[in-house]
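**Student:** Can you read through this structure? Questions will come right after.
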Amino acid sequence: MGKPFATLCGRIIRDANPEEYPSTEHRNKKIKLCSQSCLDSFLEEPTVLCKVHLKSEKTAQQIQQELASVLDSWRKFYDSSKKSD
Ligand SMILES: [Zn+2]
């Protein structure tokens, strides 16, 4: 039984041994990841994964905005195709 700890990818892990999770160092900070594949993708593109996780709180809102703009352009497309008829 250990203290709860957070992985870089945003998971909070309770009642587990931190030693059982993959870890590495990045800019003199020790970081943990939830799985070996998570660690592998971090090692491949450390800055990308850090950025993605920093942005993760905004993601839902960003996706909604993107969907809204996609729907909007579809509507314009349909409107213009009606006009050409
Ligand atoms: Zn992970």
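**Student:** Among T24, T7, T47, which comes first, second and so on when ranked by fewest other beta-carbon atoms within 10 Å?
**Tutor:** In increasing order of surrounding Cβ atoms, one gets T47, T24, T7.
**Student:** Hey, fewest Cβ within 10 Å first, where do S41, S35 land in order?
**Tutor:** Arranged by neighbour count, lowest to highest, S41, S35 become S35, S41.
**Student:** A follow-up question, please. What is the distance, in nm, between label points placed 7 Å from the Cα along the Cα-to-Cβ direction at L71 and at E44?
**Tutor:** 3.3
**Student:** Could I ask something else about it? Which residues' amide hydrogens lie under 5 Å from the amide hydrogen of H26, considering only partners 5 or more residues apart or on another chain, with H built in the peptide plane?
**Tutor:** The list, which skips near neighbours in sequence, is I31.
**Student:** Moving on. Order these by the 10 Å Cβ neighbour count, fewest first: R27, R75.
**Tutor:** Result, fewest neighbours first: R27, R75.
**Student:** Moving on. Grab the Cα-Cα distance for S80 and I12, subtract it from 0.36 nm times how many residues apart they are, and report the gain in nm with one decimal.
**Tutor:** Result: 19.5 nm gained on full extension.
Taken together, the values in this text are just the output of simple stated rules run on the coordinates, not laboratory data. Everything numeric here is computed off the predicted structure, so don't read it as measured data. When we count neighbours, we look across all protein chains shown, and the Cβ atoms used for this are built from the backbone with ideal geometry, even at glycine.
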